[in-house]
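Engineer: After the structure tokens below, expect a handful of questions from me.
The values are calculated or read from the model by the stated rules, or taken from the named source; none is laboratory data. For clarity, every value in this text was computed on a predicted model and none was experimentally measured. Every residue, glycine as well, gets a Cβ built from its backbone with ideal geometry; the counts of neighbours run over all protein chains shown. Accessible surface areas use protein heavy atoms only, side chains included; no ligands, DNA or RNA. Shrake-Rupley method; radii C 1.70, N 1.55, O 1.52, S 1.80 Å.
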Amino acid sequence: WLDMFRTLSETVSIGMVISDMTVPGIPLVYINEGFKVVTGYGKEKIGCSCRFLQGKETESYLNDEIMAALQQSESLLVKLHNYKANGQKFQCLLALHPVFGPNGEYKYQIGLQLDMVMSADITRQLLEMERLIRYMPHSITGENTEDVIRIIPSDTLGDGTLFPFVGVDPSEVRGAAPASTGGGMGGGAFGGGGGFGGSMMGGGGGGFGAPAPMAGMGGAAPAGQGAEVMQQGKEVVTKKGKGKDQYGRAFGKKQKAAMLEFTKTLWLQDATTSLRNLLQLEVAQQAFLGFLKTEYSEAQLEFFLEAQKLEAMDPVSQAKAAPAVYQMFISAGGKGIGQQERTTATQQMWDYVNAAGGNAVDSQTAMLKIREEAETTLKMLAFDAFPRFVKSKHCQNVLSALQQSGNGKQIEGMLNQVDNTAPQDADDWLNIFVSTAESFPACIVISDMTIPGAPMVFVNQEFCRTTGYAKEEATGRNCRFLQGPDTEPEAIQVIRNTLSKGQDCHVKLTNYRKNGEMFQNLLSMKPVFDADGIYRYVIGVQFEIKEDQNLKQRLVQLDKLLRLLPSKLNLRSKASARAKGAMAVKVTGEANQMVNNKEQILQQSKQMEVQEMVQNQTRPKALVAQANYDPRTVNYDRTVAAFTKIIWLQDPVNSCRCILMDAMCREYFINFAEGNCGSLISYHLKFIDQVMQIRMAQGALQLKKIRAAHMKRYHNEMFYCTSTEIDYGTLNSMNWGPVFEGIVMWQEQTIFMLASEAFPRFLEHPSSVELITKLRQREAAGEQLPCRTASSGINPQSESFWLDMFRTLSETVSI
């Protein structure tokens with residue numbers, strides 16, 4: 001232990017000696033080079049008692065205080081007059097630090113010395129002494145209770161060697177899943193968390209751009225599985241409680257709401273029957289084809305019409321024509337969406353399956369496949385395209401033609417029935433799509449682009465089966481979590497580029513299941529815009545690539561499904577989504593100046609929301625709950641504290657000076673120092689407190705206070721923290737003017753020292769949050785304070801309160 005002490009002491013610039021308390025006379029057993037710089041005495045004094053520093057003007061009462069500390073194994077900070085080797089008198093600031101053995105026996109006393117004189121180096125020397133006092137162990141083993149508290153801090157802000165502890169929901173812990181190679185900035189220590197620390201680099205989290213890749217497509221989900229999942233959701237128990245997911249939301253509520261308001265089976269049956277009947281009329285066929293060309297692909301309707309023609313044929317003609325229709329529409333190759341930007345691997349896969357050629361089938365098998373495909377196509381058209389066709393000008397042309405022919409009454413009634421059940425806005429459309437997509441035999445996910453980070457608001461049961469993640473583990477998150485070490489960077493770049501521009505995305509990439517298993521995923525993402533051109537949703541369809549003899553057939557089915565998905569809705573969004581969409585980043589890359597009018601836009605949207613609620617009381621609830629709160633009810637105390645700390649630390653010297661001018665702030669700072677700093681810092685804070693009391697006093701009272709401060713013999717902060725010479729016999733006749741000027745000079749030095757070390761640590765302590773909260777309350781009461789908080793002058797009831805504070809903070813930063 002002593003050999004380590006010798007090594008340590010030679011890294012210190014101030015005087016550092018150690019005395020052996022087990023040897024009579026208490027000899028010095030080591031002297032560092034810093035001691036020679038301070039006193040002129042070197043290692044030749046090892047083996048001597050340290051009394052050689054004393055002289056005729058060394059204060060005897062302070063010697064008594066030192067002897068008492070040595071005898072009683074106590075720490076001590078004192079300033080006294082000593083003498084250097086050349087006989088020069090100097091003010092020696094002395095700190096004593098006892099060290100105990102493994103069984104509590106009194107082993108050593110460490111002494112720290114510096115020359116208390118105003119110089120360019122004095123602040124650094126004082127800080128060095130403070131660090132040694134604070135970190136030097138009181139026991140050889142470091143197991144002393146006080147050492148444990150100081151050496152192993154209770155939070156990570158005080159020690160960079162401690163790993164931060166973060167409470168994580170068990171559902172977020174996926175030990176088998178490889179870590180993502182990507183990442184963004186995670187939650188920083190400031191900004192609502194209280195305390196000023198660094199921000200931690202972390203993966204996950206939403207950011208600018210779009211959802212990342214997801215996983216594949218498998219066989220059909222068992223019938224009724226979606227409803228079964230709804231029922232099971234009521235019994236799920238997570239960290240947030242029974243029936244809630246890890247985000248605290250009621251599990252299954254979104255899907256349940258959609259099921260209650262739109263009965264899937266009845267809706268599809270009614271719309272399908274209506275569309276089937278309408279397509280018997282040639283005028284309706286042409287009108288529907290014209291409508292599909294504007295928003296979808298008309299190829300699927302052409303196939304259905306060909307299938308209808310086959311059904312009308314006699315068996316012989318049907319047997320001859322069926323194989324050709326099969327080869328043209330079902331066995332033919334595909335190309336997928338998003339051809340404007342693709343990876344090489346994606347294009348090679350389509351080239352391979354298209355070059356393979358189709359398998360020949362007999363007429364009976366061809367007809368069976370055509371009927372199955374035709375029924376699926378009709379249901380898909382009836383689900384989304386048909387209800388919107390009913391509202392279009394193309395449908396009005398059909399009605400006009402039918403009325404002229406006298407056959408319009410029955411058809412018009414049928415269409416009106418469909419119109420009554422059609423979605424009223426983009427949010428209704430999403431509810432209906434969710435209710436249908438739950439039973440799709442493909443992985444379907446939906447992300448809401450009006451929510452920052454583009455989280456998934458829906459995943460269907462097939463996604464859960466393919467990836468291994470439950471609904472409550474996936475919804476609310478950006479789907480980057482399916483990426484891993486071998487996910488291709490080129491594919492990720494294509495996803496970012498296309499979706500940030502609002503373009504179709506179609507890319508082959510490597511994803512990971514929950515158990516860590518890799519799989520090849522063909523990811524297709526379809527951006528969906530509303531009637532106002534607002535980027536509302538991205539529908540993701542995933543296809544697990546398994547290279548077998550059925551790969552081409554499955555890819556063709558995928559291609560057909562993708563072409564039935566809309567890219568634009570002729571429906572508006574609700575007011576809240578319109579407001580967010582109006583301020584969102586434009587897909588063109590242009591600056592959106594609307595964000596500067598955020599408060600007015602949000603206020604208008606709230607008023608419109610109220611009107612919408614009155615007009616549509618029977619409408620289903622939104623799939624995604626909108627954040628709605630009264631700013632007056634939000635507690636911003638910890639955020640104000642965090643922002644204030646950052647602002648103060650931009651100019652720590654001036655900020656420290658300002659808080660030391662306030663009595664309440666000084667009291668908080670002093671209380672912190674007594675429990676968390678060395679004695680040197682505590683003395684300097686008490687010195688500042690005395691100086692402030694003297695400076696605030698006037699006339700005779702000021703003289704009385706300064707004299708009283710110098711009369712104190714023991715633990716005299718005024719003496720320890722300045723170079724003032726005190727002669728107790730001449731205090732009554734002393735000229736206090738020069739003394740006061742010297743005190744003010746040392747006050748500035750003390751402020752600089754405190755701002756360099758103790759002030760930042762004080763702002764890390766929980767008590768600083770309480771202090772800043774009280775300062776904020778005093779500001780609100782109209783009190784003029786020397787130290788201002790981040791909320792000073794800002795209306796706390798404004799909806800932009802947080803953002804206004806951020807603006808204030810940002811202007812104090814140089815980067």
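Engineer: Using a cut-off of 13 Å between beta-carbons, work out the net charge of the residues near residue 67 (Lys and Arg +1, Asp and Glu -1, residue 67 not included).
Structural biologist: For residues surrounding residue 67, the net value is -3.
Engineer: Just subtract the alpha-carbon distance of residue 811 and residue 778 from 0.36 nm times their residue separation and send over the number in nm, one decimal.
Structural biologist: So the chain would gain 9.5 nm between residue 811 and residue 778.
Engineer: Pick out, in residue order, every one of the chymotrypsin sites (Phe, Trp or Tyr not before Pro) in segment 629-706 that is DSSP loop and has at most 10 other C-beta atoms within 10 Å; say none if there are none.
Structural biologist: Sites meeting the loop and neighbour criteria: 629.
Engineer: Rank by packing, highest mean first: peptides 575-583, 537-545, with packing defined as the count of other Cβ atoms within 10 Å averaged across residues.
Structural biologist: Going by the mean number of other Cβ atoms within 10 Å, highest first, we get 537-545, 575-583.
Engineer: Further question on the same structure: Pop out the carbon and sulfur fraction of the accessible area of segment 446-504 as a percent, whole number, probe 1.4 Å.
Structural biologist: Summing carbon and sulfur atoms, their accessible area is 48 percent of the total for segment 446-504.
Engineer: Using R₀ = 60 Å, calculate the FRET efficiency as 1/(1 + (r/R₀)^6) where r is the Cβ-Cβ separation of residue 532 and residue 708; round to 0.05.
Structural biologist: 0.20
Engineer: Follow-up question, since we're still on this one. Given a Förster distance of 41 angstrom, what is the FRET efficiency for residue 493 paired with residue 308, based on the Cβ-Cβ distance and rounded to 0.05?
Structural biologist: 0.40
Engineer: Let me check something: with ligands and nucleic acids excluded, how do 21, 129 order by accessible area (1.4 Å probe), largest to smallest?
Structural biologist: My answer, sorted largest first, is 21, 129.
Engineer: Can you work out the PRE-style zone for residue 1? Point 7 Å along Cα to Cβ, and I want the residues of segment 91-129 with backbone N under 19 Å.
Structural biologist: Answer for segment 91-129: 96-112.
Engineer: Here is a follow-up. In whole angstrom, how far apart do the alpha carbon centroids of segment 87-132 and segment 747-792 sit?
Structural biologist: Here the answer is 30 Å between Cα centres.
Engineer: Around residue 21, which amide H atoms from residues at least 5 apart in sequence, or from another chain, sit under 5 Å from its own amide H, with H modelled in the peptide plane?
Structural biologist: 108, 109
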